[in-house]
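The block underneath contains the structure these notes are about, expressed in structure tokens.
The values are calculated or read from the model by the stated rules, or taken from the named source; none is laboratory data. Computed from a predicted model, the values in this text were never measured in an experiment. No Cβ is skipped: glycine too gets one built from the backbone with ideal geometry, and neighbour counts run over all protein chains shown. Just so you know, the surface numbers come from the protein's heavy atoms only, side chains and all, with ligands and any DNA or RNA stripped out. Shrake-Rupley method; radii C 1.70, N 1.55, O 1.52, S 1.80 Å.
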Amino acid sequence: MTIEEFIAVLEARHDLRNIVHNEEIGALEPEYGEPKDGLHPRLLKRLNTLGIKDLYSHQAYAIDLIRQSRNVVTMTPTSSGKSLIYNIPVIEEVLKEPESRALYLFPLKGLEQNQLRSIRELTKNLFDDEDKEKKTGKRGRTAFVPGFAEVYDGDTTSYRKQKIREKPPSVILTNPDMLHYSINAFHEKWERFLKDLKYVIIDEIHTYRGVFGSHVAHVLRRFQRLLAKYGSSPVFIACSATIANAGELACKLTGLEFDVVSKSGAPAGRKNFLFLDPPKELSPYTVANKIFITAIKSGFRTIAFTKARKITELMYSWVKGNEPELSVASYRAGFLPKERREIENRLFSGKLSGVISTSALELGVDIGGLDICILVGYPGSVTSTWQRSGRVGRSGRESLIILIALTDALDKFFMKNPKEFFNRSVEAAIIDRNNLPILKSHLRCAAAELRLGANDVVYDTKKLSPVLKELEADGDLRHWKKGDIWYPRSRLAHRDVSIRQAGTTYTIRLENKTVIGTTNSDRVLRDNHPGAIYMHRGVQYRVFKLDMGNTEVVCREAADVDYYTRAITDKETVIVKTEVTDTLSGLDFFYGTLEATETVSGYRKKSIYSDVEMGEYLLELPPNTFTTKGVWFRVPEELLDSTIKEGYSAMGGLHALEHAMIATLPLFALCDRLDLGGVSYAFNEELQSPAVFIYDGHAGGIGLSRRGFDCFNEWLRATY
């Protein structure tokens, strides 16, 4: 069956009706180029052996810039050959100077392993020291000898880690966590590697946003301090999905200037993009399941992206319940690393016909050729939509993307105005290096690595004096006034700093101590409160104990539960400091520091099959109070009066406005709605008027509400 025939099947089925738009995106022919000085003869021969006869124009252009020692960020579509842009200069440098080293940073372990396979394939027979095991010693034990490229991460054994440090390979593939915990923290052990470092590769740079990106910016800045110590000045090469500010983001992360390469010369297969708006009587999840099953049975390898872990597991359980013979899997964050690698390998090998995933599979882990992508709800950003849809149609094959609308204002807007989606610009990735809790944690780490002084190459100690004095008062730093040097009370500051989240990691386990997942303190009260239903690989569990002292969630299997749970959260804000004010058509709006208090007061049970509410249940949980950044404004009394006169609820309208603003901010800043909080007041005591507050949902703020303030006019128009 062809894609065109499959679309005809969908259009003919009464239970899958309401296709409101079909956007046909034509195929693109390749544009080729050649680096000015050609390629190293041995590498050129190897590329030809692998069937790579020509480079695309963007690859050749980027390689020329890199050869001029320019820092480069490449922003081209999925499957446009971005990895060759950094692999070719690295391999050529090692062929020319064998002592040269390169550091590859990936946000996920799966990407490290994926790239390791690629680079070993690319360097096969180019070097004599390929990864190998040699028998040594009287007992004939195997000894590990690092090859051209090695992975160094949390799954690497202690023995291998030691050997890699002692005899660094040409390429080390790792992640920001290991850069933070191992390389930065114990840089003396890496002196040989750091002195010979010629290239630093930062892949999937668009993922470094929000809390994670704000942490990584400090990890990379601290790394720059160490490079300066060892006299190293490597070229930085970054790769990104299409975002509004790739060059700016690369600069904010590293403190360096970048050239942006964004005009792609790669070919692309023909795409059909369907917008499907299910009628009210049909659940969008039921429609998604039927299309998913129909696609697989029609011979198409299919991926379905959902917007929540819970929905991923629900859809998977429905599919396996109705079609147990189908070879499908669920995939999401919270799975144990071994489980994720197993699913990735089964997808790559073709043993799985389909997968239902959260955004966890949005990144470039090679999962083989897929044909159909089902988006169960608008992903929240144009960037994420194209990134997810880029997982299908690789190698120039024709593909199909289907966006199924949820009962959400933004989803419905695009269903009524589909051309608006295709005309929209991509969003910006936002980080905030000045987030106070994050800044303080990394100043402690920086001081532990190299003492902070007046002439520090990264941290301006004079400007940061108030923060450093807070750390001194907290007992984290000491100040030697005579030399104006700040040094740590502990050399182990890194252990207490998790760069993946703002809060604490919680373990989710069964009564028999079996660990089935993880979560963090930002989510645990909302998603893992007592009574909550937690799903893992299609199995339902009920939370019966939330042990905040031991950071554990304890579950029991709950058979045949026909509902899911959703937390009821009460929110309050207090204005700490107004930092900026502006006016739009007579409306004053503000940006500044807020104290937000969120309390999970209960939860609702909702039917899996109909979304009908099945009751509310009270909870007594501690409030979560944190200082953050936010935007707020007064709502004119006359506007509420006119609303009431027209027969509508003023408070309902305020609440709807708050939620719509939260829904639309991701059109301008790459984030998830859960990264944002909001509260609306019929009367706010501080402002003495009705008001709406939108704030960053993480302590200290991560730059999202500031982005909203800066584009307030466009934000309000999008909300309207």
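What share of Cα pairs, in percent, lie more than 21 angstrom apart in segment 521-660?
Working: 5807 of 9730 pairs.
More than 21 Å apart: 60 percent of the Cα pairs in segment 521-660.
May I ask you to list the trypsin sites (Lys or Arg not before Pro) in segment 261-350 that are in a DSSP loop and have at most 13 other Cβ atoms within 10 Å of their Cβ?
Working: sites: Lys263, Arg270, Lys271, Lys280, Lys290, Lys297, Arg301, Lys307, Arg309, Lys310, Lys320, Arg332, Lys338, Arg340, Arg341, Arg346; in loops: Lys263, Arg270, Lys280, Arg301, Lys307, Arg332.
For trypsin sites (Lys or Arg not before Pro) across segment 261-350 that sit outside H, G, I, E and B with at most 13 neighbouring Cβ atoms in 10 Å, the list reads Lys263, Lys280.
What's the long-distance tail for segment 165-251, i.e. % of Cα pairs beyond 23 Å? Numbers along the way, then the final one.
Values: 806 of 3741 pairs.
Above the 23 Å cut-off, segment 165-251 has 22 percent of its Cα pairs.
Take the Cβ-Cβ distance between Val458 and Leu492 as r, set R0 to 35 Å, and report the resulting FRET efficiency rounded to the nearest 0.05. Numbers along the way, then the final one.
Working: r = 21 Å, r/R0 = 0.61.
In this case the efficiency is close to 0.95.
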So what is log10(I(q)/I(0)) for segment 246-305 at q = 0.16, 0.19, 0.20, 0.22 1/Å, when the Debye sum runs over its Cα atoms only?
-0.74, -0.81, -0.85, -0.94
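Accessible area per residue, 1.4 Å probe, Å², for segment 174-309: what's the number? Could you put the intermediate results ahead of the total?
On the way: 4090 Å² over 136 residues.
Accessible area per residue: 30 Å².
Pairs of alpha-carbon atoms within less than 8 angstrom and 6+ residues apart define the contacts here; what relative contact order does segment 255-371 have, in percent?
On the way: 117 pairs, mean separation 32.1, N = 117.
Here the relative contact order equals 27 percent.
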Return the subset of Lys280/Lys419; Lys96/Lys263; Lys53/Lys82; Lys161/Lys189 for which the Cα-Cα distance in this structure is over 20 Å, preserving the input order.
Lys280/Lys419; Lys96/Lys263
Based on the Cα atoms of segment 502-575, what semi-axes does the equivalent ellipsoid have, where each is the square root of 5 times one gyration tensor eigenvalue, given in whole Å with the largest first?
23, 16, 9
Quick one: accessible area per residue over segment 430-504, 1.4 Å probe, rounded to a whole number of Å²?
56 Å²
Using amide H atoms built 1.01 Å from N in the peptide plane, name the residues 5+ places from Ala428, or on other chains, whose amide H lies under 5 Å from its own.
Ala244, Ala669, Leu670
Express in Å², to the nearest 10, the accessible area of Met614 obtained by rolling a 1.4 Å probe over the protein heavy atoms while all chains stay in place.
80 Å²
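In what order, largest first, do Asp588, Asp560 sit by accessible area if the probe radius is 1.4 Å? Don't jump to the answer; show the numbers that get you there.
Values: Asp588 60, Asp560 150 Å².
The ordering from most to least exposed comes out as Asp560, Asp588.
Please compute the contact order of segment 425-531 in relative form: average sequence separation of alpha-carbon pairs under 8 Å and at least six residues apart, divided by the residue count, as a percent. Present the calculation step by step, with values, prior to reporting the outcome.
Details: 99 pairs, mean separation 21.2, N = 107.
About 20 percent, as a whole number.
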Can you give the accessible area of Thr461, probe radius 1.4 Å, in Å² rounded to 10?
10 Å²
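Tell me, what is the per residue accessible area of segment 569-626 in Å², probe radius 1.4 Å?
Details: 3380 Å² over 58 residues.
For segment 569-626, the per-residue accessible area is 58 Å².
Can you send over the carbon and sulfur percentage of the accessible area for the chain, probe radius 1.4 Å, protein chains only?
Numbers: 15150 of 31350 Å².
So the carbon and sulfur contribution to the accessible surface is 48 percent.
What order do Trp318, Trp632 take when sorted by accessible area (1.4 Å probe), most exposed first?
Trp318, Trp632
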So, in nm, how far is label Ile7 from label Lys482 when the simple model puts each one 7 Å beyond its Cα toward the Cβ?
7.9 nm
Under the rule of at least 5 residues apart or a separate chain, name every residue whose amide H is placed under 5 Å from the amide H of Glu31.
Ser57, Ala266
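Over segment 246-375, what number does the Rg to Rh ratio reach, with both radii from the alpha-carbon atoms and Rh per Kirkwood?
Details: Rg = 17.6 Å, Rh = 16.8 Å.
With Rh from the inverse mean 1/r over Cα pairs, Rg/Rh is 1.05.
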Output for segment 632-720 (equivalent-ellipsoid semi-axes, sqrt of 5λ from the C-alpha gyration tensor, Å, descending) is 24, 14, 11
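As a test of the definition: which semi-axes, in Å, follow for the chain when you take the square root of five times each eigenvalue of its alpha carbon gyration tensor? Largest first, please.
On the way: eigenvalues 325, 238, 140 Å².
Over the Cα atoms of the chain, the ellipsoid semi-axes are 40, 34, 26 Å.
Compute the Rg to Rh ratio over segment 474-521 from the alpha carbon atoms, using the Kirkwood formula for Rh, and round to two decimal places.
Numbers: Rg = 18.0 Å, Rh = 14.1 Å.
Over the Cα atoms of segment 474-521, Rg/Rh equals 1.28.
Between Thr49 and Arg424, what length comes free when the chain is fully extended (0.36 nm per residue of separation minus the Cα-Cα distance, one decimal in nm)? Numbers along the way, then the final one.
On the way: separation 375, 0.36 × 375 = 135.00 nm, distance 4.14 nm.
Net length gain for the segment: 130.9 nm.
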Using only the alpha-carbon atoms of segment 204-302, report the extent along each of the three principal axes, biggest first, to the nearest angstrom.
64, 33, 24
In 10 Å bins starting at zero, report the fraction of Cα pairs in segment 1-111 per bin as a rounded %.
10, 32, 23, 14, 13, 6, 1
At 10 °C and 1.306 mPa s, what whole-number value in µm²/s does Stokes-Einstein give for the translational diffusion of segment 153-206, with Rh from the Kirkwood sum over Cα pairs?
133 µm²/s
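Considering only DSSP beta bridges whose two residues both sit in the chain, what percent are antiparallel, to the nearest 5?
60 percent
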With DSSP loop assignment and no more than 14 other C-beta atoms within 10 Å, the GluC sites (Glu not before Pro) in segment 634-667 are Glu646
The ³J(HN,Hα) series, computed from each phi in segment 577-594 with the Karplus coefficients 6.51, -1.76 and 1.60 at θ = phi - 60°, rounded to the nearest Hz and given as x for glycine or proline, is 7, 8, 9, 9, 10, 8, 10, 9, 6, x, 9, 7, 10, 10, 10, x, 9, 10
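For segment 523-635, calculate the relative contact order in percent as a whole number, restricting contacts to Cα pairs under 8 Å that are 6 or more residues apart.
Details: 230 pairs, mean separation 24.0, N = 113.
Relative contact order of segment 523-635: 21 percent.
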At what distance in angstrom do the alpha carbon centres of segment 276-324 and segment 397-475 lie from each other?
33 Å
Report Rg (one decimal) and Dmax (nearest whole number) for segment 575-648, counting Cα atoms only, units Å.
18.8, 47
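Within the set of other residues whose C-beta is less than 11 Å from the C-beta of Asp54, count the net charge using Lys and Arg as +1 and Asp and Glu as -1. Show your work: numbers first, answer last.
On the way: positive: Lys53; negative: Glu31, Glu34.
Net charge around Asp54: -1.
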Which trypsin sites (Lys or Arg not before Pro) does segment 379-422 hold that lie in a coil by DSSP with at most 16 other beta carbons within 10 Å?
Arg397
Dividing the alpha-carbon Rg of segment 422-558 by 2.2 N^0.38 Å yields what?
1.47
Can you sort Ser233, Ser100 by 1.4 Å-probe accessible area, starting with the largest?
Ser233, Ser100
Quick one: divide the alpha-carbon radius of gyration of segment 372-451 by 2.2 N^0.38 Å and tell me what you get.
1.70
Do the sum for the chain: with -39,500 (n - 2.57) for every DSSP H run of n ≥ 4, divided by all residues, what is the mean residue ellipticity at 222 nm, to the nearest 500 deg cm²/dmol?
-9500 deg cm²/dmol
